[in-house]
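S.K.: Here's a structure for you.
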């Protein structure tokens, strides 16, 4: 359509030029001779061809741009669809992982609680499990050592009876080890740094008075 309009305008311009050339008596605007008219017409035709070529290129460029725009829109739509599907997949995967993590944490918590209860139960049942000492000779302390055992305490019936040994015992289950304080107590006992004292507070009270 645009090509036809340009051709029509060129033809109309040429027709107007011929009309005024014939009608005027001014020598400066006389009708061109045959050869000159042919040359002018050929120039106009060539210019029209160039204009048509430029117009065709412009149309092709616009069509190319429109095609690229459509392809880009389709690509964006496709990418958005893939991204949405990926987000749904990640969301589902995250929910599964969170659920698994919660279940694992709950199971670990239950396991730890059972282990603690088992350890506490073992501590209190130890005197009855260990056949080496009389359960009546165990005195529970709890911290930093579980028990002090006065071996022979329950057998004392007279002044001639004796305590055979005094044992500091801590109950450990599984792979648990002595802590820093317990190791220090053990070393102190092994080094023989143990003594027995009697403290009479009334003496200090009388001094203050």
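What follows draws every value from the coordinates through simple rules; no lab data is involved. Predicted, not measured: the structure shown is a model, and the values here were computed from it. No Cβ is skipped: glycine too gets one built from the backbone with ideal geometry, and neighbour counts run over all protein chains shown.
S.K.: What is the diffusion coefficient of region 65-157 in µm²/s, taking the Kirkwood radius over Cα pairs and the Stokes-Einstein relation at 25 °C with a viscosity of 0.890 mPa s?
M.R.: 125
S.K.: Oh, and also: How far, in nm, would the chain grow between residue 143 and residue 66 when pulled straight, counting 0.36 nm per residue and subtracting the alpha carbon separation?
M.R.: So the extension gain works out to 19.4 nm.
S.K.: Cβ neighbours within 10 Å, averaged per peptide: list 95-108, 140-153 in order, most packed at the top.
M.R.: In decreasing order of mean packing, 95-108, 140-153 become 140-153, 95-108.
S.K.: To continue, here is another question. Mind running the shape call on region 132-208? Use the C-alpha gyration tensor, a ≥ b ≥ c as the square roots of the eigenvalues: rounded below 1.5 for a/c, prolate if a/b tops b/c, oblate otherwise.
M.R.: Oblate, because a/c is 1.5 or more while a/b does not exceed b/c.
S.K.: Could you rank the peptides 62-72, 192-202 by their average count of other C-beta atoms within 10 Å per residue, with the highest value first?
M.R.: Going by the mean number of other Cβ atoms within 10 Å, highest first, we get 62-72, 192-202.
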